[in-house]
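I am attaching a structure below and will ask some questions about it afterwards.
Derivation of every value follows stated rules applied to the coordinates shown; laboratory data play no part. Values in this document were obtained by computation on a predicted structure and should not be read as measured data. Note that each Cβ is placed from the backbone with ideal geometry, even for glycine, and that neighbours are counted across all protein chains shown.
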Amino acid sequence: MNMITNHLPTAELQALDAAHHMHPFTDANGLATKGARIITRGKGVWLTDSEGNRIIDGMAGLWCVNIGYGRKELAEVAARQMEELAYYNTFFQTTHVPAIALAAKIAELAPGDLNHVFFAGSGSEANDTNIRLVRRYWQVKGMPEKRVIIARKNGYHGSTMGGGSLGGMAPIHAHGGMIDGIEHIGQPYWWGEGGDMTEAEFGLLRARELEDKILELGVDKVAAFIGEPVQGAGGVIVPPATYWPEIQRICDKYGILLIADEVITGFGRTGNWFGSQTFGIRPHIMTIAKGLSSGYQPIGGSIVCDEVARVVAEGGEFFHGYTYSGHPVAAAVALENLRILQEEHIIEHVRDVAHPYLRERWEALTEHPLVGEAKLVGLMGSIALTPDKAKRAKFASEAGTVGFRTRERCFANNLIMRHVGDRMIISPPLVITPAEIDILIERAKTSLDESYASLKADGLLVAKAE
Ligand code: PXG
């Protein structure tokens with residue numbers, strides 16, 4: 001058998017990659033001309049590429065490597081579990097110890113009466129489960145017409161047909177369409193859309209769009225509302241403090257189910273086990289993935305409250321499940337990850353050490369001429385790039401031009417910091433130390449300086465006409 005090894009020259013690997021590997025969310029033409037960066041190793045918050053560069057990973061992979069790279073304990077647990085029981089399913093009245101232990105542990109960690117877990121292989125799958133679960137809930141209760149799910153524009157809930165439809169991203173809807181019965185309301189993005197309102201007023205306004213939508217559709221048609229406590233892929237949009245309490249009030253008033261998509265915000269990212277705790281949300285269902293296993297194995301799920309689990313069970317068999325629901329290797333690795341998060345006090349480290357240390361330095365970035373606002377919740381942060389801070393102006397160039405250029409500078413400076421449009425975002429491993437935060441900030445500043453100089457040279461520091 002031919003082994004594809006790390007010893008091939010980078011250019012050869014890149015050519016094979018471009019010829020045979022279809023990448024997610026990537027322009028394939030760019031791959032063919034430029035070649036993808038090839039990551040070969042990871043340790044803590046550090047990555048190494050095939051050219052030997054040492055890169056600080058400001059994104060924890062894709063928001064998932066919460067405990068950092070290279071933890072041997074997880075590799076050992078995976079190897080042991082593969083030897084003992086590599087696979088068995090959880091269908092048709094069978095189970096196994098890793099799935100039992102992980103479900104029980106998640107129920108212990110989750111707030112309130114979120115005591116039941118339906119496993120999936122990813123966040124997208126878990127959100128597909130949620131669509132079927134909430135519709136089934138109302139069906140069993142004798143209200144099959146209650147099937148519309150209200151979500152937000154610029155929300156992200158995955159890339160399957162269900163997850164992509166719940167998400168509010170038009171370019172995703174344009175590639176393959178949407179499923180029926182999903183409606184979108186405005187996002188609580190004050191910097192970009194708040195106009196002359198205060199943040200508090202704008203938070204209430206956007207939350208009340210939920211009430212308007214429920215009344216427009218008729219409460220007898222609405223099953224649930226879904227939202228990320230903090231929008232991640234949409235640009236780390238931190239809602240005004242008034243937003244979630246008002247959403248909660250409206251869900252309570254009309255008796256619709258509330259789904260918190262905690263795929264990014266779960267497992268310590270916001271300085272609590274769950275983002276719902278940080279924002280005082282009381283969801284009926286939480287979507288989880290990513291940090292559940294710190295990305296060491298693909299696993300996701302839905303944490304379901306007593307009432308929803310009881311009603312769905314009343315209906316008899318729920319015709320839904322995945323071959324890999326509760327996969328024993330993934331479950332064993334997730335359990336070990338949760339042990340490390342808990343025993344090493346990593347969430348306390350986020351709350352008491354890393355967040356306060358980063359916050360001071362992150363907020364100081366607003367002194368840079370390109371940076372309008374800086375937001376940080378736990379260890380997820382964003383900065384808005386703008387040509388005119390006082391007006392919260394957008395650039396005249398096509399949205400994302402300035403962000404992309406800045407991202408390219410970060411890449412060149414061995415810092416992974418992403419751009420979403422003209423916002424720059426970070427979500428580093430939760431174990432990042434103050435000394436590593438200093439390096440991250442230093443590289444971010446250098447990249448911002450270089451980006452600013454090049455934008456200036458090219459005459460791109462121009463505000464869009466209002
Ligand atoms: N919900 C949320 C809130 C997410 O952030 C998913 C669901 C889907 O999870 P899976 O495991 O199916 O990918 C996500 C995933 C980005 C980016 O560009 C974000 C995600 C995935 C890929 C890229 O920021 N989030």
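How far is the Cα center of the range 98-116 from the Cα center of the range 350-425, in Å?
About 36 Å separates the Cα centre of the range 98-116 from the one of the range 350-425.
Whole angstrom only: what separates the Cα centroid of the range 200-238 from the Cα centroid of the range 1-62?
Using only Cα atoms to place each centre, the spacing works out to 38 Å.
Can I ask one more? For Lys34, give me every one of the aspartates and glutamates with a C-alpha distance below 16 angstrom, ignoring sequence neighbours fewer than eight places off in its own chain.
Glu12, Asp17, Asp49, Glu51, Glu408
Under unit Cβ charges (Lys, Arg +1; Asp, Glu -1), what dipole magnitude, rounded to 20 debye, does the range 5-101 have relative to its Cα centre? Before the final figure, lay out the partial values.
Working: 8 positive and 10 negative charges, 46 e Å.
Approximately 220 debye in magnitude.
Here's a follow-up. Starting at the first residue of the range 234-247, write each ³J(HN,Hα) from the Karplus equation 6.51 cos²θ - 1.76 cosθ + 1.60 with θ = phi - 60°, in whole Hz, x for Gly and Pro.
Coupling constants for the range 234-247: x, x, 6, 8, 8, x, x, 4, 7, 5, 5, x, 6, 4 Hz.
Sorting Trp138, Trp190 on the 10 Å Cβ count, fewest up front, what's the list? Show your work: numbers first, answer last.
Values: Trp138 21, Trp190 24.
Taking fewest neighbouring Cβ atoms as first place, the list is Trp138, Trp190.
Another question about this same structure. For the pairs Lys153/Lys213; Lys153/Lys290; Lys153/Lys253, flag any whose C-alpha to C-alpha distance is greater than 20 Å. Working shown, then result.
On the way: Lys153/Lys213 13 Å; Lys153/Lys290 22 Å; Lys153/Lys253 23 Å.
Table pairs above 20 Å Cα-Cα are Lys153/Lys290; Lys153/Lys253.
Find how much the distance from Ala101 to Lys445 grows on full extension, using 0.36 nm per residue of separation minus their present alpha carbon separation; answer in nm with one decimal. Please report the intermediate quantities before stating the final value.
Details: separation 344, 0.36 × 344 = 123.84 nm, distance 4.48 nm.
Extra length available between Ala101 and Lys445 comes to 119.4 nm.
State the extension gain, in nm to one decimal, for the chain segment bounded by Asp352 and Arg37, taking 0.36 nm per residue of separation less the distance between their alpha-carbons.
My answer for the length gained is 109.9 nm.
In a solvent-free Debye calculation with one equal scatterer on each Cα, what is log10 I(q)/I(0) for the range 165-305 at q = 0.11, 0.14, 0.21 Å⁻¹, listed in the order of the q values?
Normalising to I(0) and taking log10 leaves -0.42, -0.70, -1.47.
Considering only DSSP beta bridges with both partners in the chain, what is the antiparallel share in %, to the nearest 5?
So the antiparallel bridges in the chain amount to around 65 percent.
What are the ³J(HN,Hα) couplings of the range 113-123, residue after residue, when phi is run through the Karplus curve with 6.51, -1.76, 1.60 and θ = phi - 60°? Round to Hz, x for glycine and proline.
Along the range 113-123, the couplings run 9, 7, 10, 10, 10, 9, 8, 9, x, 6, x Hz.
Let me ask you something else. Using 0.36 nm times the number of residues separating Asn115 and Lys221, minus their current alpha carbon distance, what extension gain do you get?
Details: separation 106, 0.36 × 106 = 38.16 nm, distance 2.72 nm.
This chain segment gains 35.4 nm when fully extended.
Write down the percent of antiparallel bridges among all DSSP beta bridges whose residues are both part of the range 73-343, to the nearest 5. Show your work: numbers first, answer last.
Details: 11 of 25 bridges.
Counting DSSP beta bridges with both partners in the range 73-343, the antiparallel share is about 45 percent.
If you don't mind, there's one more thing I want to ask. Give, as a single signed number, the net charge of other residues whose beta carbon lies under 14 Å from the beta carbon of Ala107, with Lys and Arg counted +1 and Asp and Glu -1.
Working: positive: Lys105; negative: Glu108, Asp113, Asp306.
Counting the neighbours of Ala107, the net charge comes to -2.
Okay, next question. For the range 179-184, take each phi angle, set θ = phi - 60°, evaluate the Karplus expression 6.51 cos²θ - 1.76 cosθ + 1.60, and give the result in whole Hz per residue in order, putting x for glycine and proline.
Once θ is set to phi - 60°, the couplings for the range 179-184 become 7, 7, x, 10, 10, 10 Hz.
Here's another thing I want to ask about it. Once every DSSP H run of n ≥ 4 in the chain is given -39500 (n - 2.57) and the sum is divided by its residues, what mean residue ellipticity at 222 nm do you get, rounded to the nearest 500 deg cm²/dmol? Intermediate results must be reported in sequence, preceding the final value.
Numbers: 18 runs with 193 residues, N = 466.
Helix contribution divided over all residues of the chain: -12500 deg cm²/dmol.
As I understand it, the dipole of the range 73-343 uses +1 on the Cβ of Lys and Arg and -1 on the Cβ of Asp and Glu, about the Cα centre. Which of Tyr322, Pro144, Leu215 lies farthest toward its positive end?
Going by the charge dipole, the pick is Pro144.
Next question. When only C-alpha pairs under 8 Å and at least 6 residues apart count, what is the relative contact order of the chain, in percent? Walk me through the numbers before you get to the answer.
Details: 904 pairs, mean separation 90.4, N = 466.
Rounded, it is 19 percent for the chain.
Would you list, by chain and number, the aspartates and glutamates whose Cα falls below 18 Å from the Cα of Lys72, excluding same-chain residues fewer than 8 positions away?
Those aspartates and glutamates meeting the cut-off are Glu83, Glu336, Glu343, Glu344.
Under 5 Å between amide H atoms, partner at least 5 residues away or on a different chain: which partners does Gly300 have, H built in plane at 1.01 Å?
So Gly300 has HN proximity to Ala120, Gly121, Ser122.
Scattering from the C-alpha atoms of the range 73-343 alone, worked out with Debye: what is log10 I(q)/I(0) at q = 0.12, 0.16 1/Å?
The computed values of log10 I(q)/I(0) come out as -0.71, -1.23.
Putting +1 on Lys and Arg Cβ atoms and -1 on Asp and Glu Cβ atoms, find which of Ala104, Leu114, Ala28 reaches farthest to the positive end of the dipole of the chain.
Towards the positive end, the residue furthest out is Ala28.
Using +1 on the beta carbon of Lys and Arg, -1 on that of Asp and Glu, and nothing else charged, what's the dipole of the chain about the Cα centre, debye to 20? It would help to have the intermediate numbers written out before the result.
Numbers: 45 positive and 55 negative charges, 59 e Å.
Computed about the Cα centre, the dipole is about 280 debye.
Could I ask something else about it? Taking every Cα atom in the chain, find the radius of gyration and the maximum pairwise distance Dmax, and write them in Å.
22.3, 67
How high is the FRET efficiency between His173 and Leu460 when r is their beta carbon distance and R₀ equals 41 Å, given to the nearest 0.05? Can you show the working numbers first?
Details: r = 30 Å, r/R0 = 0.73.
In this case the efficiency is close to 0.85.
Also, quick follow-up: Among His349, His20, rank each residue by its count of other Cβ atoms within 10 Å, from fewest to most, as a rough exposure measure.
Values: His349 19, His20 7.
Taking fewest neighbouring Cβ atoms as first place, the list is His20, His349.
So, one more: For a quick check: sort Met22, Met424 by the number of other beta carbons within 10 angstrom, fewest at the front. The partial results should precede the final answer.
On the way: Met22 7, Met424 30.
If I rank by nearby Cβ atoms, fewest first, I get Met22, Met424.
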